[in-house]
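The values are calculated or read from the model by the stated rules, or taken from the named source; none is laboratory data. The shown structure was predicted, so the numbers you read here are calculated from the model rather than taken from an experiment. Here the Cβ positions follow ideal geometry from the backbone for every residue, glycine too, while neighbour counts run over all protein chains shown.
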């Protein structure tokens with residue numbers, strides 16, 4: 001289990017770095033900006049979580065995440081035309097969605113394991129782990145953030161974290177099964193949103209003036 | 001006293017969430033964005049303060065603040081047309097100003113009580129508590145921040161925190177009276193600014209080029 | 001040595017505040033905004049570093065940095081026309097580059113001394129110390145950040161931090177000489193970039209679409 005978790009985390013980190021760089025590549029960013037923004041997309045969310053948890057940042061303990069994020073960012077810089085092929089890019093979006101699902105549940109789990117602000121804080125911290133890095137990247141790159149788009153990205157993440165916290169609270173003996181199911185639930189919703197290009201319905205959006 | 005403080009804090013939290021959501025509602029934000037931005041406006045400043053103080057975030061210990069901020073945000077989403085009535089909105093601005101006054105003094109007080117970087121840090125942390133959440137919201141929503149407006153909002157807050165730190169330093173036996181007076185002073189200045197639509201005088205603004 | 005370090009730090013802090021204020025002065029910022037943005041430019045990077053290191057912020061222990069940054073910011077506000085003279089401004093840029101070099105090596109050194117996430121984290125934290133304050137300022141002021149410009153600012157800083165970490169790792173007996181050399185190397189590259197108006201070569205920049 002631990003092992004699978006580790007390998008999924010590795011893949012998710014790289015996918016976050018790749019999609020993170022692709023998101024800002026059309027703005028004329030230099031190689032340093034690419035490295036920083038790719039790194040922040042990949043490890044920024046977990047870093048904010050750890051700061052709020054008053055824990056040392058996870059990448060200070062296991063630096064493999066930093067190396068992989070930097071490596072994936074450089075690779076994306078030099079192989080941009082490969083990753084922007086529609087077919088490949090679509091694959092990246094699915095892997096990114098899978099990464100978000102994993103990071104969200106891992107984040108909620110870490111907060112729950114530290115007995116931190118139960119039951120609300122684990123949900124908040126799971127969501128931050130999944131989307132915090134992308135928010136930081138968008139702010140630093142001067143892009144509209146996810147919060148102002150109407151993508152179905154954060155909502156599946158939030159629902160999944162809520163469900164996982166309910167599992168941990170009411171049927172803790174099924175924590176492992178629950179974590180897998182919640183992850184799959186998040187990924188399923190996100191994959192459906194990518195596949196059918198679903199967005200937040202208009203009735204849940206404030207009117208622009 | 002404790003009790004009054006608690007209830008004022010409750011009201012201020014909700015007012016911050018309401019004005020926080022109203023500030024970005026005209027940009028077409030979905031319900032998730034509304035929840036996050038309302039929550040961040042209400043608890044973001046105190047969270048930054050607690051991170052700098054190396055204290056656990058206040059909302060992890062008492063989750064009522066999170067629930068109220070989320071509740072007020074949802075309510076504002078669905079009852080936007082109620083809150084944007086000029087008369088009601090004006091009331092909200094006054095309550096928001098009152099909340100800022102309370103949060104500022106509470107923030108300065110918390111830093112002082114922890115003996116943290118006296119005497120400068122309590123002023124800085126009081127100001128952060130009052131305006132930090134709004135700054136985060138504006139950054140995430142891609143809005144011009146308070147720092148770039150010429151509103152008389154942060155200046156009363158800063159003066160009030162300075163005055164309170166002087167009280168704590170020179171006449172600590174009047175700490176309670178002083179805190180009430182500083183709060184009223186901040187609120188008075190802010191209310192005057194709302195009522196007469198006062199702004200920072202031109203001579204204190206750099207020339208645009 | 002300690003003493004020299006302290007005085008260089010003092011000068012660098014003030015230079016950061018001055019250049020920080022000048023960078024946003026053309027946008028019509030009021031005196032409060034000037035104070036906050038000057039302060040954040042000067043002490044923001046070190047504050048982020050200390051938060052990640054779970055150390056108390058350096059300015060809570062020695063408040064001289066806050067006073068100097070505020071003083072330099074007010075001074076810049078009232079004497080803007082002095083500092084914007086081409087000759088003086090150029091001097092400020094050099095001093096700012098020198099400050100960045102010093103802050104970077106100090107930041108890397110602090111992380112290394114705390115045995116924090118060796119060997120990757122000291123590089124990251126050195127870079128954050130040097131450029132974090134400017135990034136925060138630009139975000140709060142709604143300006144394009146350094147990451148999206150093609151200035152040769154962060155790259156010398158990063159190379160210098162990498163070199164310093166190599167020194168600390170392989171020839172720790174030359175730590176002092178190494179720190180001076182790395183600082184001079186960063187400053188040399190930055191000064192060359194200012195003098196010849198060098199920028200990141202086009203081949204290291206993604207294509208805008």
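Observations on the model:
- Qualifying position, being within 13 Å of chain C (Cβ to nearest Cβ), part of a helix (DSSP H, G or I) and modelled with pLDDT under 95, among A:55, A:25: A:25
- The one condition in (1) without any contact (Cβ under 8 Å) to a residue 60 or more places away in the chain; (2) farther than 27 Å from residue C:143 by Cβ; (3) in a helix (DSSP H, G or I) that residue B:117 fails to fulfil: (3)
- Checking A:136, A:140, A:125 one by one, the residue that is surrounded by 15 or more Cβ atoms within 10 Å (Cβ to Cβ), closer than 27 Å to residue C:136 by Cα and either at pLDDT below 95 or at the interface with another protein chain (Cβ under 8 Å from one of its Cβ atoms) (or both) is A:140 and no other.
- Among the residues listed as A:42, A:79, A:55, the single one being closer than 18 Å to residue C:121 by Cα and more than 18 Å from the chain's Cα centre (by Cα): A:55
- Every condition in (1) at the interface with chain C (Cβ under 10 Å from one of its Cβ atoms); (2) within 30 Å of residue B:64 (Cβ to Cβ); (3) touching a helix residue (DSSP H, G or I) at 6+ places or on another chain (Cβ under 8 Å); (4) surrounded by fewer than 23 Cβ atoms within 10 Å (Cβ to Cβ) is met by residue A:50 except one, and the failing one is (4).
- Of the criteria (1) closer than 21 Å to residue A:159 by Cβ; (2) buried (at least 20 other Cβ atoms within 10 Å of the Cβ), which one residue B:63 fails: (2)
- Residue ID - surrounded by the most Cβ atoms within 10 Å (Cβ to Cβ), chosen from residues in the range A:143-154 that are at the interface with chain B (Cβ under 8 Å from one of its Cβ atoms), part of a loop (DSSP other than H, G, I, E, B) and without any contact (Cβ under 8 Å) to a residue 24 or more places away in the chain: A:145
- The single condition among (1) buried (at least 24 other Cβ atoms within 10 Å of the Cβ); (2) under 20 Å from residue B:120 (Cα atoms) that residue C:100 does not satisfy is (2).
- Residues that are farther than 16 Å from residue A:46 by Cα, outside any helix (DSSP H, G or I) and in contact with a helix residue (DSSP H, G or I) (Cβ under 7 Å, 6 or more places away or on another chain) within the range A:61-106 comprise just one, A:84.
- Scanning the range A:164-206 for residues that are without any contact (Cβ under 8 Å) to a residue 40 or more places away in the chain, within 12 Å of chain B (Cβ to nearest Cβ) and surrounded by 11 or more Cβ atoms within 10 Å (Cβ to Cβ) yields A:201, A:204, A:206.
- Hits in the range A:28-47 - residues which are assigned to a helix (DSSP H, G or I) and at the interface with chain C (Cβ under 10 Å from one of its Cβ atoms): A:31, A:32, A:33, A:34, A:35, A:36, A:37, A:39, A:40, A:43, A:47
- Of the residues B:79, B:101, the single one that is under 27 Å from residue B:193 (Cβ atoms), more than 14 Å from chain C (Cβ to nearest Cβ) and in contact (Cβ under 8 Å) with a residue 12 or more places away in the chain is B:101.
- Any hit, the range A:1-10, residues being surrounded by fewer than 24 Cβ atoms within 10 Å (Cβ to Cβ) and closer than 21 Å to residue C:132 by Cβ: no
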